[in-house]
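**Student:** This is the structure I have questions about; it appears just below.
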Amino acid sequence: MAATQTIRLHNKTFRLSIPHDRLVGAIGEVAQRINRDYARRECPLFLGVLNGSFMYMAELLQHIDFTCEVSFVKLASYNGTSSTGAVQELIGLTNNLRGRHIIIVEDIVDTGGSIEHLIRSLIGHNPASISVSTLLFKPEAYKKEHKIDYYAMAIPDKFIVGYGLDYDQLGRNLKDIYELAAE
Ligand SMILES: O=P(O)(O)OC[C@H]1O[C@H](OP(=O)(O)OP(=O)(O)O)[C@H](O)[C@@H]1O
Ligand SMILES: Nc1nc2[nH]cnc2c(=O)[nH]1
């Protein structure tokens, strides 16, 4: 079924930006790169960042063909359509990470504040390696140094919702990605 062209969440209008089939195709391609790079590493751990990563994690893992573990942590920095700049504490990390190969799974890397905070916390646990995988990457907004190893799509610096991403908690269930329309 064709995707709805515009939607309304709270008081804002969003228009269709990336249809579901393009998301799934791009995720399949990034998964093949991860499969090649991690084929010989012992039991890598995919570490999803809640809430937004649940859709990307679910699709990505269906394309991964090596033995792996999956876990989730939570961070939160966004309020409404702009960053609060304050990344909250990492919660929910129960795994022993010493010597593990960790692949962080994010829905979006924007300014990079969240992944920088997460990477700093993870380094303290002495993992064997850390890489970053994200569904969407905003290169124009990114302000940090850490390499974004695996991104399915680079997008312009516009606020988007859908496929796990929210506007004030709404829109996470949308199967396509929508961008904020000019008022
Ligand atoms: O690169 P940044 O500028 O830090 O932005 C990216 C972060 O923002 C979103 O999380 P958010 O804090 O909105 O929490 P959520 O996943 O629960 O919606 C997203 O899931 C990333 O974690
Ligand atoms: N929903 C949503 N969350 C974000 N977190 C960082 N950037 C974005 C964005 O464009 N949309």
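**Student:** Can you tell me which residues in the stretch 158-171 are open to solvent by less than 40 Å² (accessible area, probe 1.4 Å) and more than 8 Å from ligand 2 (Cβ to nearest atom)?
**Tutor:** Answer for the stretch 158-171, where residues must be open to solvent by less than 40 Å² (accessible area, probe 1.4 Å) and more than 8 Å from ligand 2 (Cβ to nearest atom): 162, 163, 164.
**Student:** Is one or more of the residues making up the stretch 128-138 modelled with pLDDT of 95 or more and in a loop (DSSP other than H, G, I, E, B)?
**Tutor:** yes
**Student:** Same structure again: Could you please find all residues in the stretch 153-183 being in contact with a Pro (Cβ under 6 Å, 6 or more places away or on another chain) and not in a loop (DSSP other than H, G, I, E, B)?
**Tutor:** Listed by number, the list holds a single entry, 154.
**Student:** How do the pairs read when you match residues in the stretch 144-164 that are within 24 Å of residue 8 (Cα to Cα) with residues anywhere that are surrounded by 21 or more Cβ atoms within 10 Å (Cβ to Cβ) and among the β-branched types (Val, Ile, Thr), using Cβ under 7 Å and keeping only pairs 6 or more apart or on different chains?
**Tutor:** Pairs that qualify, where the first residue is within 24 Å of residue 8 (Cα to Cα) and the partner is surrounded by 21 or more Cβ atoms within 10 Å (Cβ to Cβ) and among the β-branched types (Val, Ile, Thr), are 160/177; 162/177; 163/177.
**Student:** Hand me the list of strands (runs of 3 or more DSSP E) wholly inside the stretch 4-79 holding 1 or more residues that are open to solvent by less than 10 Å² (accessible area, probe 1.4 Å) and not basic (Lys, Arg).
**Tutor:** Per the criteria, 12-18, 45-50, 69-74.
**Student:** Kindly provide the set of residues from the stretch 114-132 that are open to solvent by less than 20 Å² (accessible area, probe 1.4 Å), within 27 Å of residue 20 (Cα to Cα) and within 16 Å of ligand 2 (Cβ to nearest atom), ordered by number.
**Tutor:** Scanning the stretch 114-132 gives 115, 132.
The values are calculated or read from the model by the stated rules, or taken from the named source; none is laboratory data. Treat the numbers as computed from the prediction; the structure is a model and nothing was measured. Quick reminder, even Gly has a Cβ in these numbers, built from the backbone with ideal geometry, and neighbours come from all protein chains shown. All accessible areas refer to the heavy atoms of the entire protein, side chains included, with ligands and DNA or RNA removed. Shrake-Rupley method; radii C 1.70, N 1.55, O 1.52, S 1.80 Å.
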